[in-house]
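Novice: I am attaching a structure below and will ask some questions about it afterwards.
Every read-out reported here was derived from the displayed coordinates using simple, explicitly stated rules and does not represent laboratory data. These numbers were taken from a predicted model, which means no experiment stands behind them. So basically every Cβ, Gly included, is an ideal-geometry build from the backbone, and we count neighbours across all protein chains shown.
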Amino acid sequence: MRILFVIQGEGRGHLTQSLSLKQMLENEGHEVVGVLVGKSPSRSLPSFFYEKMGEKIYPFESPNFLPSAKNKQPKIIKSILYNLYRTHKYLRSILYINRMIKETEADVVVNFYELLTGLTYLLFSPKAIMVCIAHQYLFLHPDFSFPKLNRVSLLSLKFFTKVTAIGARKKLALSFRKMRDIPSKGLVVVPPLLRKEVLALTPKKGNYLLGYLLNSGFSEEVTNWHQSHTTVPLHFFWDKKNAPEVLPVDDTLSFHQLNDSTFIKYMAGSKAYATTAGFESVCEALYLGKPVLMIPTHIEQACNAFDAEGAGAGQSSSCFDLDKLLVLSKGYKPNLVFKHWVRQAPWLILTEFKYGSLFEPPRPTILKRVAARFIYRLVRYKNS
C-alpha cells in the first residue's frame, strides 16, 4: 500500500512514533510516499527527524499553543485568538493536505493527531482511507480514567480529539496497558510505538538525572534547583532555537539540543527522568525501568501524567522539584508487564493495516443494523 503520514509536529512524541511506524510498515513491504508535518512558526523540526525519516518532508502551518512570556505553560486564550487570526493560513494548509493526498496517490493516510487532517476529511472527503494513531484517542474510551479537572476543559479536549479523527476508518489508541477495543467507535487499543533502537538498549542505573523540556523556559527552574544541588549531575534536552549542540553550565549541568539517538542513550544510563509529561518519552522511561517526574503544562499532559501514574511510571509535580525525583528513584520497581505489552506492538498494530481488515467496510453499530432491518421490512411490506 501507498501510505501518507500527516503528523502534528508539537514536541517529540508524534515524530518518534511516526519513525517507529515507518519501520514496521516498510518491513511489511508498504511504501511511505510522503510525510506532512504541521508546525507553528515558533518551532523548528529537530534535525534527527530529517535524518531518520528519509522521505520528503513537507511542513505546513498548523494551529498550536502559544507559550507564556517565560516560555513555560501555554496561554490558552491568547492561543485561541492567535489561531483565529491565522485561520486563512490554516485553510491554505487544508487545501494543501487534500492536494498532497491526491498527488501522492495514497491508499491510506495515517494521521498522528493533526487537527487539519480531520478538517480536510470533513470538507473534501478524500478517497484514501484514514487511520488515526495517538495516545490521545484513549480519551474517547469509555473506561479511561481522567483526573479531577475542569469539566468544560475535558469536554473540549474530547471534542478536539474527535475532530482530528473525522472520517477515520480506525482510531488506534496507544496505551500503557491492555484495554478492550470498542468496534462501534472504530477504536482499537494498541501498545506504545517504541522504535527498535529503544528496544535494543540495555539499561544501567547511572548517577545523573535526565530531563526533557518541551518549553525551554523551564530551564530556569532546573538551574535554580541545581544551584543548591551542585553535586547531582544533570543532563537536560530542549529544542531552544539558536542554542549550541551542548550548552555546559558547569561541571554537573548541561543542556543538550534535542538529538534522538543521544537522548535515548542518556535515558538508558540515567538514574531517573524528569519531563513535561509527553506520552512517548514517559513510555521509553517506563520500558527502560526509569522512574519519572512529570510536570504537565496543559490539560492533555495532565491526563497523560494521571494515566502514567496508574501504570507505575512515577508521579506528577507542579514544577521541576528534582528532590521528589531523587526520593522516587530510591524505591522504584520497574513495570515488567509493560515491557511484555510493548513487545506485542508490531504484530498488534500491523494487523490493523492488513488489506482485508482495513479496506472492508466498517461493521455497522447495533442501532444502524436495527434501522436497516426496519427499512428493509418496511420496503418489503409496501411491495407486497
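Novice: Would you be so kind as to identify which of ALA173, LEU253, LEU328 lies farthest towards the positive end of the dipole of the chain, taking Lys and Arg as +1 and Asp and Glu as -1 on Cβ and the Cα centre as origin?
Specialist: About the Cα centre, the residue reaching furthest to the positive side is ALA173.
Novice: How large is the dipole of region 197-341 about the Cα centre if only Lys and Arg carry +1 and Asp and Glu carry -1, each at its Cβ, rounded to the nearest 20 debye?
Specialist: Result for region 197-341 is approximately 540 debye, rounded to the nearest 20.
Novice: Kindly provide the trypsin sites (Lys or Arg not before Pro) of region 161-231 that DSSP labels as loop, not H, G, I, E or B, and whose Cβ sees at most 16 other Cβ atoms within 10 Å.
Specialist: Counting only loop positions with at most 16 other Cβ atoms within 10 Å, the trypsin sites (Lys or Arg not before Pro) in region 161-231 are ARG177, LYS178, ARG180, LYS204, LYS205.
Novice: So which GluC sites (Glu not before Pro) in region 213-304 pass both tests, a DSSP loop state and at most 15 other Cβ atoms within 10 Å of the Cβ?
Specialist: Passing sites in region 213-304 are GLU245.
Novice: For ASP250 and GLN344, what is the calculated FRET efficiency with R₀ set at 45 Å and r taken between the beta-carbons, to the nearest 0.05?
Specialist: After rounding to 0.05, the efficiency reads 0.55.
Novice: I would also like to ask the following. How much net charge surrounds ASN111 when only the other residues with a Cβ under 12 Å from the Cβ of ASN111 are counted, with Lys and Arg +1 and Asp and Glu -1?
Specialist: Net charge around ASN111: +2.
Novice: Pulled fully out, how much extra length does the chain show between VAL163 and LEU336, if you take 0.36 nm times their separation in residues and subtract their Cα-Cα distance?
Specialist: Gain on stretching VAL163 to LEU336: 58.8 nm.
Novice: I'd like to verify something in the chain: which complete DSSP H helices, judged by Cα projection on the helix axis, reach 15 Å or more and average at least 0.5 on the Kyte-Doolittle scale?
Specialist: 151-164
Novice: Applying 1/(1 + (r/R0)^6) with R0 = 25 Å to the Cβ-Cβ distance of ASN242 and GLU220, what FRET efficiency is obtained, to the nearest 0.05?
Specialist: The pair ASN242/GLU220 has a calculated efficiency of 0.90.
Novice: Related question: If the only charges are +1 at each Lys and Arg Cβ and -1 at each Asp and Glu Cβ, what is the size of the charge dipole of the chain around the Cα centre, to the nearest 20 debye?
Specialist: That gives a dipole near 1700 debye.
Novice: Another question about this same structure. If R0 is 22 Å, what FRET efficiency do you get for ASP323 and GLU197 from their C-beta distance, rounded to 0.05?
Specialist: Efficiency for this residue pair is about 0.10.
Novice: Can you give me the pair-distance distribution of region 120-164, C-alpha pairs, 5 Å bins, whole percents?
Specialist: The distribution over region 120-164 is 5, 17, 26, 21, 14, 9, 6, 2, 0, given as percents.
Novice: Give a quick list of GluC sites (Glu not before Pro) in region 86-160 that DSSP marks as loop, anything other than H, G, I, E or B, with at most 13 other Cβ atoms within 10 Å.
Specialist: Within region 86-160, the qualifying GluC sites (Glu not before Pro) (loop, at most 13 other Cβ atoms within 10 Å) are GLU105.
Novice: Using only the alpha carbons of region 197-341, what is the convex hull's orientation-averaged projected area in square nanometres?
Specialist: Quarter of the Cα hull surface area: 8.2 nm².
Novice: Please express the Cα-Cα pair-distance distribution P(r) of region 156-274 as a list of whole percents, one per 5 Å bin, running from 0 to the bin with the greatest distance.
Specialist: Calculated over all Cα pairs of region 156-274, the distribution is 2, 9, 15, 15, 14, 11, 12, 11, 7, 3, 1, 0 percent.
Novice: I've got another one for you. Go from 0 up to the bin containing the longest alpha carbon distance in the chain, width 20 Å each, and give me the % of pairs per bin.
Specialist: 27, 57, 13, 2, 0
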